[in-house]
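Trainee: My questions will all concern the structure given below.
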Amino acid sequence: MPADKGFEDLVFLTRKNHTDKPAMIIELKWDKTAAGAIQQIRNKQYSDTIKDYKENALLIGISYDRVTKRHECAIERLSDS
């Protein structure tokens, strides 16, 4: 989905009959931090694309380190940001 200042890596929207489930914006990074991925979601205003889900949405940053082969994940509620 095009955002104001770029494109999100992944966006999951719930069906209208499953409004109890959160919408999600996922940003993927390599050799960066998961917190940095969430910061990119905020800086580039990706959450504007899911403004109808603002009360029930998650921001998810996932990072992969190519040297250590380890993954890092950070999850925050959109309403907390």
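Trainee: Can you tally the net charge around Lys29? Count Lys and Arg as +1, Asp and Glu as -1, for every other residue whose Cβ sits under 12 Å from the Cβ of Lys29. Before the final figure, lay out each step's value.
Mentor: Details: positive: Lys32, Arg66; negative: Asp9, Glu27, Asp31, Asp65, Glu72.
Taking every other residue near Lys29 into account, the sum is -3.
Trainee: Here is a follow-up. May I ask you to derive the relative contact order of the chain, considering only C-alpha pairs under 8 Å and at least 6 residues apart, and to give it as an integer percent? Display every interim value, and only then the final one.
Mentor: Details: 161 pairs, mean separation 25.0, N = 81.
Reported relative contact order: 31 percent.
Trainee: To test your reading of the geometry: what angle, between 0 and 90 degrees and rounded to tens, separates the Cα axis of helix 34-43 from the longest principal axis of the chain?
Mentor: In the chain, helix 34-43 runs at an angle near 50 degrees to the longest axis.
Trainee: Under a 5 Å amide H to amide H cut-off, with H placed in plane at 1.01 Å, what residues pair with Glu8 once short-range neighbours are removed?
Mentor: Ala3
Trainee: Under the rule of at least 5 residues apart or a separate chain, name every residue whose amide H is placed under 5 Å from the amide H of Lys32.
Mentor: Correct list: Tyr64.
Trainee: Can you tally the net charge around Cys73? Count Lys and Arg as +1, Asp and Glu as -1, for every other residue whose Cβ sits under 13 Å from the Cβ of Cys73.
Mentor: Values: positive: Lys29, Lys32, Arg70; negative: Glu27, Asp65, Glu72, Glu76.
Surrounding charge for Cys73 is -1.
Trainee: Name the residue farthest towards the positive end of the dipole of segment 2-80 from the options Tyr53, Ser63, Gly36, assuming +1 on Cβ of Lys and Arg, -1 on Cβ of Asp and Glu, about the Cα centre.
Mentor: So the residue we want is Ser63.
Trainee: Among DSSP beta bridges whose residues both lie in segment 2-80, state the antiparallel percentage, nearest 5.
Mentor: Values: 12 of 20 bridges.
Given both bridge residues lie in segment 2-80, the antiparallel proportion sits at roughly 60 percent.
Trainee: Check the straight Cα-Cα distances from Lys21 and name the lysines below 20 Å, setting aside those fewer than 8 residues away within the same chain.
Mentor: Lys51, Lys54
Trainee: How much FRET efficiency would the formula 1/(1 + (r/R0)^6) give for Asp31 and Arg77, where r is the Cβ-Cβ distance and R0 is 30 Å, rounded to 0.05? Intermediate values should be presented prior to the final figure.
Mentor: Details: r = 27 Å, r/R0 = 0.89.
The value I calculate is 0.65.
Coordinate-derived values only; no laboratory data. Source: prediction; values computed, not measured. Positions of Cβ are generated from backbone atoms using ideal geometry, with glycine treated the same way; all protein chains shown enter the neighbour counts.
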